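Below is one structure, written out as structure tokens, with a few remarks after it.
What follows is calculated from the coordinates using simple rules that are stated; it is not laboratory data. Treat the numbers as computed from the prediction; the structure is a model and nothing was measured. Here Cβ is always computed from backbone atoms with ideal geometry, including for glycine, and neighbour counts include all displayed protein chains.
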Number of protein chains: 2
Amino acid sequence: MDEHIVTSYDQELKFIVRRISEMGGQAESQVERAVSALIKNDASLAHSVVADDIILDTAQRELDERAIMTIAKRQPMAQDLREIVGAIRISNDLERIGDLGKNIAKRVVAVTEHQQPVQLVRGIEHLSDLALEQLREVLDSYASRDHRRAESIRARDEEIDAMYTSIFRELLTYMMEDPRNITACTHLLFSAKNIERIGDHATNIAETIYYIKTGEQMGLDRPKDDRTATMTAEGGKPAADLGA
Amino acid sequence: MDEHIVTSYDQELKFIVRRISEMGGQAESQVERAVSALIKNDASLAHSVVADDIILDTAQRELDERAIMTIAKRQPMAQDLREIVGAIRISNDLERIGDLGKNIAKRVVAVTEHQQPVQLVRGIEHLSDLALEQLREVLDSYASRDHRRAESIRARDEEIDAMYTSIFRELLTYMMEDPRNITACTHLLFSAKNIERIGDHATNIAETIYYIKTGEQMGLDRPKDDRTATMTAEGGKPAADLGA
């Protein structure tokens with residue numbers, strides 16, 4: 001700690017930044033546990049993920065209120081203002097990541113009651129490893145205010161999208177091979193989609209970090225997300241692409 | 001117009017409220033056109049929905065910035081502050097409704113290339129009628145600041161959820177009957193899920209209206225949403241429910 005006098009605004013900002021980091025850890029844990037419940041067929045773990053969703057909901061609401069009061073009381077400008085606005089946006093993304101984890105957890109019972117296509121569940125585990133790595137990286141860039149690193153994270157979202165596309169195709173094929181796979185695979189499809197969206201939220205956060213540091217948008221040429229929307233599965237080739 | 005002197009804060013608030021209403025109309029139109037493209041097998045309409053998504057993205061970003069500047073400059077308190085915070089939340093929900101519309105539009109090509117289960121597409125049309133009615137109602141309650149009406153809207157979200165559940169079950173059955181239906185039905189499943197989420201966003205908006213007027217949360221006993229997460233289709237009966 002140096003001689004610098006800590007103003008009250010700085011204290012409020014520090015509080016907010018610390019809460020974001022706690023929320024990040026909680027979001028990560030929710031997703032990790034949800035996917036683990038799916039893979040290990042663990043209904044009681046799934047239950048606890050669903051029950052714990054309230055933690056992030058509450059944290060987001062509190063952070064929102066605190067951030068707004070800080071803006072109203074302190075009237076921060078320029079980067080100070082962007083810090084607070086950015087925190088509101090990031091906490092919103094983290095809360096939604098938590099929701100996606102909850103939704104995966106809710107599917108555990110339906111999936112595990114049926115025959116498990118093991119290699120597909122493994123694919124989903126791998127997809128979630130990638131998404132969680134993105135999330136960790138982006139939380140680290142937030143902590144270090146490293147907007148260059150945030151930029152490189154956004155670029156890597158394509159990896160997640162490519163893997164999601166391949167899992168989507170595999171799941172459709174598996175469903176076609178045997179109708180008894182349809183129910184479990186449908187829930188796995190939704191789970192995979194949820195994980196792909198977690199990657200999108202990590203990308204949102206990367207964009208917010210860039211905005212906080214530079215005051216500018218990262219540019220609209222975001223590597224585009226879900227290619228499966230236009231995909232027909234039989235031949236494994238995508239139909240005419242409707243674009244971004 | 002009476003003698004009352006219009007302050008600059010009032011003007012800014014009016015501007016924000018008007019923009020929300022424009023965004024609401026645009027979100028409604030995006031969803032309507034996306035579902036219409038799905039039903040009429042109209043790829044060119046689908047293209048235009050995808051292209052127009054930028055309108056809501058831009059509007060939300062502008063409203064966000066404007067609202068934050070208003071808070072910083074005017075330091076509104078109590079209901080005035082809640083008006084602005086509420087507008088930020090509502091514009092976020094409207095932008096996401098637009099995204100869901102875009103996602104449905106992107107599925108049009110994949111769905112229409114395959115044999116169309118007409119009754120299922122009709123089911124989705126009906127589901128979207130319900131969701132759009134919720135959206136219109138909630139935008140009206142916003143315009144009239146009628147939080148009692150907003151409360152009744154939230155209660156009706158259950159109707160949408162029940163219909164979504166029944167469509168989900170039908171789609172699974174249809175996939176099991178003939179594997180050639182799997183691709184189209186998968187995209188219809190995702191489309192139905194997107195529409196169900198539009199209903200959730202309408203519910204969020206209802207909760208925000210209640211918060212603006214009363215300063216309180218509507219209560220956590222929200223009628224709970226997607227029952228299909230725990231559903232196994234073969235027997236048509238839901239598996240053990242993992243709760244909210």
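For the protein assembly as shown, with equal point scatterers placed on the C-alpha atoms only and solvent neglected, what are the log10 I(q)/I(0) values from the Debye formula at q = 0.06 1/Å, to two decimals?
Relative scattering, expressed as log10 I(q)/I(0), comes to -0.26.
Just the Cα atoms of the stretch A:54-185: what Rg and Dmax do they give in Å?
Taking only Cα atoms of the stretch A:54-185, I get Rg and Dmax of 19.5, 62 Å.
Report the gain in length on full extension from B:Asn41 to B:Asp10: 0.36 nm times residue separation, minus Cα-Cα distance, nm rounded to one decimal.
6.6 nm
With a point put 7 Å past each Cα toward its Cβ, work out how far A:Glu62 is from A:Asp178 in nm, to one decimal.
With each label point 7 Å from Cα toward Cβ, the separation is 4.9 nm.
Roughly how many nanometres apart are two label points built 7 Å out from the Cα toward the Cβ at B:Glu133 and B:Arg145?
Label at B:Glu133, label at B:Arg145, 2.9 nm between them.
Please work out the C-alpha center-to-center distance from the stretch B:1-76 to the stretch A:192-206 and express it in whole Å.
Using only Cα atoms to place each centre, the spacing works out to 25 Å.
Please build a GNM for chain A, connecting alpha carbons under 10 Å apart, and tell me which residue among A:Val118, A:Val49, A:Val108 fluctuates the most.
Judging by the Gaussian network model, the answer is A:Val118.
Kindly give the distances from B:Asp146 to its copy-mates, label point to label point, with each label point 7 Å from Cα along Cα→Cβ, as nm values to one decimal ordered shortest first.
Distances to the matching label points in the other copies: 5.5 nm.
If you stretched the chain out fully between A:Val118 and A:Glu158, how much longer would it get, using 0.36 nm times the residue separation minus the C-alpha to C-alpha distance?
Between A:Val118 and A:Glu158, full extension yields 11.9 nm more.
Rg and Dmax of the stretch B:8-227, Cα atoms, in Å?
18.6, 64
Between the label point of A:Ile54 and that of the same position in each other copy, find the distances and list them shortest first in nm, with every label point placed 7 Å from Cα along the Cα-to-C-beta direction.
4.5
Residue of B with Cβ nearest the axis relating B to A, plus distance in whole Å?
B:Ile71, 2
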